[in-house]
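Report on the following structure.
No value in this document is a laboratory result; all are computed from the given coordinates. What you are looking at is a predicted structure, and each value in this text was computed from that prediction instead of being measured. Note that each Cβ is placed from the backbone with ideal geometry, even for glycine, and that neighbours are counted across all protein chains shown.
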Amino acid sequence: SMELSLRWAQRSQVEFARLANRNALFGIVQGGMYEALREESAQRLVELDFAGYAIGGVSVGEPKEAMLRIMTHTPGRLPVHKPRYLMGVGTPEDLVEGMAQGIDLFDCVMPTRNARNGHLFTRFGDLKIRNARHRADPRPLDPTCACHACRGTTMPDGSVTGGFSRAYLHHLERCGEMLAPMLASIHNLHYYLNLMREARAALEAGDFEAWRSRFKAERARGID
């Protein structure tokens, strides 16, 4: 299957050039959970000189330990001056570990898929809004979050709309109200965007490892 992927990569380059496509074409490193195959795949793709490189096949049901092993192994085999993209990953912890290994780009449905199931990401761990413990909780999902669901939005006239309690979101979930996954999606996407914003700032400041340690400690603290 790795050889087939490499042949597709070569054919894609030929067609990409024929069409004079102005977008960026990435080669996708495959090889399953086998480091030797991953290394060969990366080497041969680098020889083809793509605009960037993706690491595929690490979000298809394999154990987390295997995914982390490949995520640690493969990025260092790819050029540092070109984007390195980890496909289909993942949790906030996965993203931060990927950045620590040199990953530049991620894509994942997790923020919205989890939101549709009442699973919310916060600075202090994950919150499952359907749990009965939140039935009468007047607090926002995350007191440090400035999203529409947590803090609301200031309108041009100075009024504030939005800003909802855990109790209200729990009620919406229990009623099957469509507003529940909408607000949860707004919150989760805001959380992920802010996470990446903080990570970029830490990298630019040369403070990534200290920020990473704080991130882990805060996430491990858990929801009050």
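Couple of notes before you dig in:
- Within the shell of other residues whose beta carbon sits under 12 angstrom from the beta carbon of residue 216, the net charge comes to +1, with Lys and Arg scored +1 and Asp and Glu -1.
- Taking the charge dipole of the chain about its Cα centre, with +1 at Lys and Arg Cβ atoms and -1 at Asp and Glu Cβ atoms, the residue from 111, 36, 66 reaching farthest to the positive side is 111.
- Amide H contacts for residue 87 (H built 1.01 Å from N in the peptide plane; partners 5 or more residues away or on another chain; cut-off under 5 Å): 55.
- Highest GNM mean-square fluctuation among 87, 155, 182, for the chain modelled with Cα contacts below 10 Å: 155.
- Residue-wise HN-Hα couplings along segment 92-101, as the Karplus relation 6.51 cos²θ - 1.76 cosθ + 1.60 with θ = phi - 60° gives them from phi, are x, 5, 4, 5, 5, 5, x, 4, 5, 8 Hz; Gly and Pro carry x.
- Karplus 3J(HN,Hα) series, Hz, for segment 117-127 with 6.51 cos²θ - 1.76 cosθ + 1.60 (x for Gly, Pro): 10, x, 10, 10, 9, 9, 4, 10, x, 8, 10
- Rounded to the nearest whole Hz, the Karplus-based 3J(HN,Hα) values (6.51 cos²θ - 1.76 cosθ + 1.60, θ = phi - 60°) of segment 68-79 follow the sequence 5, 5, 5, 5, 7, 6, 7, x, x, 8, 10, x, with x at glycine and proline.
- Leading residue at positive end of dipole, segment 110-224 (Cβ point charges), from 206, 147, 179: 179
- About its Cα centre, the dipole of segment 36-95 is roughly 80 debye, where the only charges are +1 on Lys and Arg Cβ and -1 on Asp and Glu Cβ.
- If the segment from residue 136 to residue 217 were pulled out straight at 0.36 nm per residue, it would be longer than the present Cα-Cα gap by 26.4 nm.
- Charge dipole (Cα centre; +1 on Lys/Arg Cβ, -1 on Asp/Glu Cβ; no other charges) of the chain amounts to roughly 480 debye.
- Mean ellipticity per residue at 222 nm, deg cm²/dmol - from DSSP H runs of n ≥ 4 across the chain, formula -39500 (n - 2.57): -15000 deg cm²/dmol
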